[in-house]
Amino acid sequence: MTHTRKEQQDIDRKLKVLKYADTIKNISKACRYFGVSREAFYQWKRAYLQGGEKGLINSKPCPENLTLRIPADIEEKIIYLRTNYHLGQQRISWYLMRYHNIKVSSSGVYSVLKRNSLNRLPANQRKRSLKAFKRYEKQVPGHRIQVDVKFLDLQTPQGTKIRRYQYTAIDDAIRARVLKIYERHTQKNAIDLVDYFTKRFPFRIHTIQTDNGHEFQSQFHWHCEDLGIRHVYIKPRSPHLNGKVERSHGTDQQEFYQLINFTDDIDIRKKLQEWEKFYNCHLD
């Protein structure tokens, strides 16, 4: 019987160990000399006595059990989310549970991506090297709340473009957020957000931090002070100082807005409340 080159190399190596041990009459020394365990040596010896040289050929790995593979319809959803939205394996796992009540582990998603050669994101989706900033962080909930506004350009099913504004407050220590959508970008709405999240957050607010936008000027500033809350501005042209709220807006875009269809204000406000709850309770 002829063997492949790799099979023959495997046979020759094991025979060499077996013959050397038989020559020196000391299995332990032979194993140390060739760097193999005694357990492996005895396995090879039994295999050789039972099957000759054929028994020394490494057995092939078990074939994949197709009954354990993720169903085709779920696999299609995973591939669609990866190719269209470039979500990572953990994000896809969360999305399937949140929107379809389908439980697939992160490793299960990765196996699908790997099998379909989608385990690496396109080059233009990889994170570029950014200037490193010293991270500012408070450890006590409520000590500092970052507030900012995300501009939303939505479109109705009829193609009409609509501008809305998501006002966001995020706690510096525990990353809990409060979100609210408004039709206008004004100090009045910024003040309303403060009144809203001071009731929602289960801790006392010490400081609110914002950029220098017009919605956070004198009326907003003195309203915070009247509530006994300190209001501070970040340095101009330094959005990284409000990095937590800025990054959370990026998550909103990728994990929420690009995955929904806008129908009306009531609908999106309800969906945003569901997203806020999911963000606070499930995302790290």
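The values are calculated or read from the model by the stated rules, or taken from the named source; none is laboratory data. In this text the structure is predicted, and so the values were computed from the model without any measurement. Note that we place each Cβ from the backbone using ideal geometry, even for glycine, and neighbour counts take in every protein chain shown.
Can residue 196 be described as at pLDDT below 95 and either under 12 Å from residue 147 (Cβ atoms) or within 21 Å of the chain's Cα centre (by Cα) (or both)?
So residue 196 fails the test.
Any residue in the range 209-220 that's more than 10 Å from residue 147 (Cβ to Cβ): show its pairings with residues that are at pLDDT 95 or above and part of a helix (DSSP H, G or I) at Cβ separation under 6 Å, as long as the two are six or more apart or on different chains.
219/187
Only one of (1) part of a loop (DSSP other than H, G, I, E, B); (2) at pLDDT 90 or above is not met by residue 70, so which one is it?
(2)
Give me a count of the residues in the range 153-174 that are over 13 Å from residue 141 (Cα atoms) and surrounded by 14 or more Cβ atoms within 10 Å (Cβ to Cβ).
The number of residues fulfilling the criteria is 7.
May I ask you to say which residue of 95, 80 is aromatic (Phe, Trp, Tyr) and exposed (fewer than 14 other Cβ atoms within 10 Å of the Cβ)?
After applying the criteria, what remains is 80.
Please give the number of the condition residue 106 fails out of (1) at pLDDT below 85; (2) within 22 Å of residue 277 (Cβ to Cβ); (3) within 13 Å of the chain's Cα centre (by Cα).
Among (1) at pLDDT below 85; (2) within 22 Å of residue 277 (Cβ to Cβ); (3) within 13 Å of the chain's Cα centre (by Cα), residue 106 violates only (1).
For the range 241-268, give me each residue that is of a type in the set (D, E, K, R), loosely packed, with under 15 Cβ neighbours inside 10 Å and within 19 Å of residue 169 (Cβ to Cβ).
Within the range 241-268, 247 is the sole residue that qualifies.
Mind checking which residues of the range 27-45 are surrounded by 13 or more Cβ atoms within 10 Å (Cβ to Cβ) and either outside any helix (DSSP H, G or I) or in contact with a strand residue (DSSP E or B) (Cβ under 6 Å, 6 or more places away or on another chain) (or both)?
The one that is surrounded by 13 or more Cβ atoms within 10 Å (Cβ to Cβ) and either outside any helix (DSSP H, G or I) or in contact with a strand residue (DSSP E or B) (Cβ under 6 Å, 6 or more places away or on another chain) (or both): 36.
Within the set of pairs 6 or more residues apart or between chains, which connect a residue that is free of Cβ contacts under 8 Å to residues at least 12 places away in the same chain inside the range 222-234 to a residue that is of a type outside the set (S, T, N, Q) and surrounded by 14 or more Cβ atoms within 10 Å (Cβ to Cβ) with Cβ atoms less than 7 Å apart?
225/231
Need a quick list: strands (runs of 3 or more DSSP E) entirely within the range 167-284 having at least 2 residues that are over 30 Å from residue 100 (Cβ atoms).
The strands (runs of 3 or more DSSP E) meeting that bar are 207-210, 230-233.
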